[in-house]
Every structure is written in C-alpha cells, then in structure tokens.
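Participant: Encoded as structure tokens, here's the structure I'll be asking about.
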Amino acid sequence: MGQGAAAGTPPFAAETAVELVGVGKSFGPVTAVRELSLAIRRGEVLTLLGPSGCGKTTLLNMIAGFEEPSAGRILIDGRDVTEVPPYLRDTGMVFQSYALFPHMDVFENVAFGLRMRKLPKAKIAAEVMRALEMVKLGGLERRRVRQLSGGQQQRVALARAIVLRPKVLLLDEPLSALDKNLRAQMQVELKELHERTRLTTLFVTHDQGEALSLSDRIVVMSRGEIQQIAAPIELYRHPANSFVASFIGEINRLPPARCRLSGGEIVFSLAGIELTAARRDDLALGDGQQVHLFVRPEHLAVAAEAAGGRNRIACRVVTHVYQGTHTLTRVEAGALGVLQLRVPGGAVIERAPPGSEIGVEINLDEAVALPD
Amino acid sequence: MKHRVPRRRPFFLAFLLPSLLAAGLFLAALGDVLQYSFRTFIPGSLDVGGFTLENFLRIGRPIYLSVLLDTVTISVLTALFTLLLSYPVAYALVRARRDWVRTLLIILAITPLFTGEIVRTYAWILVLGSNGFVNSLLKDAGLITAPLSLLYTRFGVTVALVQFSMPVMIILLATAISHVDRNCERAAANLGAPPLMVFWRVTLPLTMPGVISGTIVIFAWTMSAFSTPQLIGGGKVLMISNLVYLQGLSTFNFPFAAVLSLLALLVAMGSLGLIRPAIRRLERRVALH
C-alpha cells in the first residue's frame, strides 16, 4: 500500500501513473521482452497489442510483480516498485482465466482484498455492493462462482479488482474466453466502466478490434519490442512499419513502387502501371524513392467501367464474403496480385459474380507509403 | 421420439469379473470370521464348540478396552502428525523451482515404499533403542545421562508409523496441491494477501479434499497396523492386530480373535462415520467439482 506521488517527484510524475524504464526480461537464453521504456498516463486506457508470444503478458506480469524484470526499473505513482512483492504493489489484475476463488461466493471474492486491508465490516459490505452494482451483478452476491456464466465470472473478476481502486488496473486478455456476442457487449461495458471509474488501465490483447475500440493509446508489440505507440486512429491511418500496417485491420500490400513528384501529385510506378496520389504533408517522399504502398480495402472501389480513368485497373472477381453491412470482395488484379475490396451492401455479389471482369479504382489519398 | 438407450458395453462384465471374484472371496472370509465369533473356545484344541455370545461380552473387560483406546489414539495421532509433516514436503515437491530439488524430494519421499516393512521397522529399532542413534547422540551431547526409553513405547510406535505413512500421504497431498490454480494464488497476492495469508485463505482450502482423504486413508490403515507395533512395541504396546495375533496364534482362541477382528473393523468404520458430517461440511465449503 504505497502512498501517492511523493512531494519531491518532478511535475510530470503527476501525469504518469506507471513508468517502465529500460525494462527487459529474458528466460534463460530466450528474450521475452527487449529492454523498453513506457509511461502509462493517469486515467488512460493503454493497450498492449500483439500476437501471442510478443511479450505483452510478460510485461503485465512484471508490473503486477509476478515476474522479476531482468533489467530496468518499474515505477508506480513515482515509487520504485521493482523489488516490491505483488501484495504491496496496489495493482488490480483481471486474469484471462478470471482466477476466481472457487471456495468462496461472489461476495467473498469481491470482499477478499478489502478484508486483507482490514476495513470495518460495514464498510466492506457497502463497498462490495457498490462494486457489484457497477458491474451489474447486484443480487448475486451469495451465488457460488461455479454457478455463474462466463460473462458473470468476468464481471466478478472485474468487481474484485476495481473495488480496491488500484493504482493501475491490469487486464490480461479479459474477453478472450467469452463468445463473440458477449465479447462485443463486454467491450461496451468495459468502456462505460472506465468512464465511470477513470482507473488507469493497462489492457493486454491480441485482438486488434478490441484494442481499437477500447484504447486511448495502443502499444503494438512484436517479438518483445515496441513497434509503435499511438492513438487508435493514428495507428490505423499512419502505421509506422509494415508489421503494424498488416496487424491493424485489413490491408492490401502492393508490389514495390518508385515515386516521381509531378506538380501537386505523386506518381507511383509499380509493376508496369502508374498510380497517382495527391501530395500530402505526411508523405515526405523524395523523387525516385522506392516505397511499399499499403491500401485499406475501404479505399478500393468497384468502378463503373472496366478500364480507363485515373488509378483504375482491370480485375477478375475471385470470391465474395458477405458481411451484412458490406461485402469483402477478393479480386485478381494482374501484376498487383490479389486485392481485397470492401464494398458497401451486398449488391456486388449479383452484379459481379466470381469470374467476371470489373474495374477497380484505387484511392491512394489515404494510402500508407513505407520506405522499402 | 424415443431415445434409444445405448447397448451396454459387451466387455463391461468381463472387466468387472476379477474384482467381483476378489470381493466374493473377501466376503466369504468375513463370513467365516463372523461365524467363528459365535463359537465356544475349547482350550487346547484347534476345534471350536457350539454357539455362544460370551466372546462378545469378553471385550468389555478393561484390558481389551484399553487396547482399543490405544489403537484409536495411536491412529489419530499418526494421521495428524503424518499430515503435518507431509504437507510441507508435498508442497515443496510440487512447487520447487529446480528440477533436481523435485527429483530429490520424490526419491526421498517414495523410496520408503520400496523397502520392506520389516527392514524399515528394524531400522527404527536401531535408531530408537537404548544404545541407538538418538540416545547415543543425546548422551554424547551431554543432554542426558541415562538413555530415554523410546523403543517399546507408544511414542516410538507412533514415530515409526508416521514415517511408514508419509509416502502415501505425500503422494495424495502432492496431487491435490498440483491441482491448485496458481493464478488463484496470484490473484490473492494481487489483492493484497501476504504469502502466509495466500496459503491460509486459498491454497489450504483448495487442497482440503486431499487433506481429508489422506488423513482418512492413514487413519484407517494405521488402525490395522501389525508389524510396526509388534516389533517396536515389543509386546508393551498392543494394538488391535497384535491382540488378534496373540489370541489367535498364541492361545489359539480363534473365536475371540474373530470378535476382536470384527471389533476393529467396526471401530474403523464407526470412526469414519463419526467424522463424516464434518467432512461433508468442509467439502461443501470447498465445493470443488
């Protein structure tokens, strides 16, 4: 139970809830997390996103104190907790498997932390009820945890953590064990819960959809290294490298292109064709530079005519995948390879059956160009 | 639509047959013991006489009741001390980080199972005797002048029985401990519980089924201990089995030996019945399934 930021800490500490300074972890010869530094701002939801084995859970465990870093320091509220055991760190962990106490009922699970803090009985009861109301489990306090559904167990795990108002809430893939509909619903509820509690939250997931919808900022990790830290929109529109570009959302990777600056436009020549884009400040490309273009499916459109016109290429339809609000259409685009389009509605399925020839217009104005 | 009941597996009965056979033999033996218990003892003869209830009245004598009491006391103490000593070993066995520590503990814990009961018991005689290991050590250290009587005492018998029982208890407890979700313990620590509190509030309750079954097993089999009290008790500590032996094979009083055997069986089952409500309550609290 550490005290708040000490009076002597520098002013930025008030904005920073958790700080990792050069934190790394290796298990024998295997490096799980390469030395990295990271600051979680007070009250934000920061997401660690990456494929399994990228080191995100190890990082979480080091903040909670379950793993000891091989290098670096961990500060919570300005206090160095690197050597502090887990029970004195004041973090609130929600485990992927929930890790509820099977021998206690819902009330006792949520009350556990309060009892450890030796609060008076009446206070404990009031706090537990308040937390259970907050996760919409009022009235179930005497239920055994084994009798609860997956979603309800998830809520108990959340209530058990937030009831202590931890300095940082650590969520380890909390939604991965739920089925799809429930997951969507819990996403909304997590967001509402955060708006009400404003707890500093570190959220670990491999699901980019979850990350985009829940986070203030996202840390994309791969192979124990940070690839990019940015707000969801920034990350989606301006991925820093090809890993981030292809990990966040669907994206088409075009063959290597050479740029040429011509007036207000940039001309990319690739695979024997030319595509043009308006000049943009964020695309600081030089004449003759070699780049890779990444285009989102929503920036490809079915053209009225098969050929001719700016950025228009002739393609043959391979398959349609109907998704309700839109259709994902895969087309064979000659030298550009297979491209994926996001076409609104489902009319395209009848209009252009697999095998038919269509024109596809590539809008490069929001494309990502990464140096080769 | 009526659901068809699947046909019984054809080999089901065949698999059951060996155990049915064994159960049949045991029942027959038990029946024989039962009929012996109602017969008259004819001193000096291996044959028995007619029907009588006298054998049952005889167990009311203080000397036999005290043997019974000793047996129950030694069994209870053995079960409890075995539990207390085995839990830390089982815990270390499951939780040790280094492989060689685990291997060493397994070897230390399990090898006693492979040494014969008699060999092990004689080893205890060497350790506990008046000139044995413990006494010479204490004497050399200047802590005692006359040897302590460890052999031929209830204490000595209990010590040997505990050592005899530990491997089984360790195996049962280790199984229970290895089934505890480590994340539950981590969650407790995360919620502010220091290590001892994590153990007391999470690990121990979650291993309660193993603790209970282990204690019952050890209690039940100590009730029927024979060679350890026979050799280490040296006739000065009598447990029921020793009394049965004495009656059956020294004085050849088969009827009374049969009564004592039945009594031992009844007491063991009766004690289990007595602690059963308590176990139920514990299991409901733990409710693991």
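The values are calculated or read from the model by the stated rules, or taken from the named source; none is laboratory data. These numbers were taken from a predicted model, which means no experiment stands behind them. Here Cβ is always computed from backbone atoms with ideal geometry, including for glycine, and neighbour counts include all displayed protein chains. Ligands, DNA and RNA are excluded from the accessible area calculation, which covers all protein heavy atoms including side chains. Shrake-Rupley method; radii C 1.70, N 1.55, O 1.52, S 1.80 Å.
Participant: Out of (1) of a type outside the set (A, V, I, L, M); (2) open to solvent by 20 Å² or more (accessible area, probe 1.4 Å); (3) without any contact (Cβ under 8 Å) to a residue 24 or more places away in the chain; (4) away from every other protein chain (no Cβ under 14 Å), what's the single condition that is false for B:G248?
Facilitator: The single condition B:G248 does not satisfy is (2).
Condition check ((1) assigned by TED's automatic domain parsing to the domain that holds A:A161; (2) surrounded by fewer than 21 Cβ atoms within 10 Å (Cβ to Cβ); (3) not in a loop (DSSP other than H, G, I, E, B)) across all residues:
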| site | (1), (2), (3) |
| --- | --- |
| A:G43 | yes, yes, no |
| A:T47 | yes, no, yes |
| A:L60 | yes, no, yes |
| A:E67 | yes, yes, no |
| A:I74 | yes, no, yes |
| A:F101 | yes, no, no |
| A:E108 | yes, yes, yes |
| A:F112 | yes, no, yes |
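Participant: Now, a different point. Restricting attention to segment A:303-316, does a residue exist that is within 32 Å of the chain's Cα centre (by Cα) and surrounded by fewer than 19 Cβ atoms within 10 Å (Cβ to Cβ)?
Facilitator: The answer is no, given that none of the residues of segment A:303-316 is within 32 Å of the chain's Cα centre (by Cα) and surrounded by fewer than 19 Cβ atoms within 10 Å (Cβ to Cβ).
Participant: Return the total of residues in segment B:82-110 being more than 17 Å from B:S213 (Cα to Cα) and among the small types (G, A, S).
Facilitator: So the count comes out to 3.
Participant: I would also like to ask the following. Given the conditions (1) at pLDDT below 95; (2) assigned to a helix (DSSP H, G or I), and given that B:A225 satisfies all but one, which numbered condition is not satisfied?
Facilitator: Of (1) at pLDDT below 95; (2) assigned to a helix (DSSP H, G or I), only one is false for B:A225: (2).
Participant: Output yes when any residue across segment B:190-204 is basic (K, R), free of Cβ contacts under 8 Å to residues at least 12 places away in the same chain and assigned to a helix (DSSP H, G or I), and no when none is.
Facilitator: no
Participant: Same structure, new question: What is the one condition in (1) touching a residue at least 40 places away in the same chain (Cβ under 8 Å); (2) away from chain B (no Cβ under 14 Å); (3) open to solvent by 40 Å² or more (accessible area, probe 1.4 Å); (4) not acidic (D, E) that A:V30 does not satisfy?
Facilitator: Failed condition: (1).
Participant: What residue, of A:R296, A:R280, A:R260, is open to solvent by 60 Å² or more (accessible area, probe 1.4 Å) and among the basic types (K, R)?
Facilitator: Result of the check over A:R296, A:R280, A:R260: A:R260.
Participant: Continuing with this model, one more query. Counting only residues that are more than 15 Å from A:V291 (Cα to Cα) and outside any loop (DSSP other than H, G, I, E, B), how many does segment A:360-372 have?
Facilitator: 3
Participant: Follow-up question, since we're still on this one. In segment A:332-359, what residues are within 25 Å of A:E265 (Cα to Cα), out of contact with any helix residue (DSSP H, G or I) (no Cβ under 9 Å at 6 or more places or on another chain) and assigned to a strand (DSSP E or B)?
Facilitator: The answer is A:G359, and nothing else.
Participant: Working carefully through the options B:S250, B:S213, B:S178, find the one that is more than 22 Å from B:T115 (Cβ to Cβ), of a type in the set (G, A, S) and within 13 Å of the chain's Cα centre (by Cα).
Facilitator: B:S213
Participant: Please enumerate the residues belonging to segment B:99-113 that are open to solvent by 40 Å² or more (accessible area, probe 1.4 Å) and in contact with a helix residue (DSSP H, G or I) (Cβ under 9 Å, 6 or more places away or on another chain).
Facilitator: Passing the criteria: B:V101, B:R102, B:I106, B:L108, B:T111, B:L113.
Participant: For the subset of segment B:151-179 comprising residues that are touching a Gly at 6+ places or on another chain (Cβ under 8 Å) and small (G, A, S), which member is nearest to B:I232 (Cα to Cα)?
Facilitator: Step by step, filter segment B:151-179, then rank; the result is B:G156.
Participant: Applying the selection to segment B:54-81, what residues are of a type in the set (V, I, T), assigned to a helix (DSSP H, G or I) and either open to solvent by less than 30 Å² (accessible area, probe 1.4 Å) or over 16 Å from B:F219 (Cα atoms) (or both)?
Facilitator: B:I63, B:V67, B:T71, B:I74, B:T78
Participant: Does A:A159 fit the bill of being within 14 Å of chain B (Cβ to nearest Cβ) and among the small types (G, A, S)?
Facilitator: Yes: the conditions hold for A:A159.
Participant: If you take the residues of segment A:114-140 that are hydrophobic (A, V, I, L, M, F, W, C) and open to solvent by 40 Å² or more (accessible area, probe 1.4 Å), which of them is nearest to the other protein chains (Cβ to nearest Cβ)?
Facilitator: Only one residue fits best here, namely A:L119.
Participant: Within segment A:176-201, count every residue that is under 25 Å from A:E127 (Cβ atoms) and either in contact with an Asp or Glu (Cβ under 8 Å, 6 or more places away or on another chain) or open to solvent by 40 Å² or more (accessible area, probe 1.4 Å) (or both).
Facilitator: Qualifying residue count, segment A:176-201: 8.
Participant: Quick check: is even one residue across segment A:87-96 open to solvent by less than 40 Å² (accessible area, probe 1.4 Å), away from chain B (no Cβ under 14 Å) and not in a strand (DSSP E or B)?
Facilitator: No, the conditions are met nowhere in segment A:87-96.
Participant: Could you say which residue among B:M166, B:M197 is in contact with a helix residue (DSSP H, G or I) (Cβ under 8 Å, 6 or more places away or on another chain) and within 14 Å of another protein chain (Cβ to nearest Cβ)?
Facilitator: Step by step, each of B:M166, B:M197 is checked, and only B:M197 is in contact with a helix residue (DSSP H, G or I) (Cβ under 8 Å, 6 or more places away or on another chain) and within 14 Å of another protein chain (Cβ to nearest Cβ).
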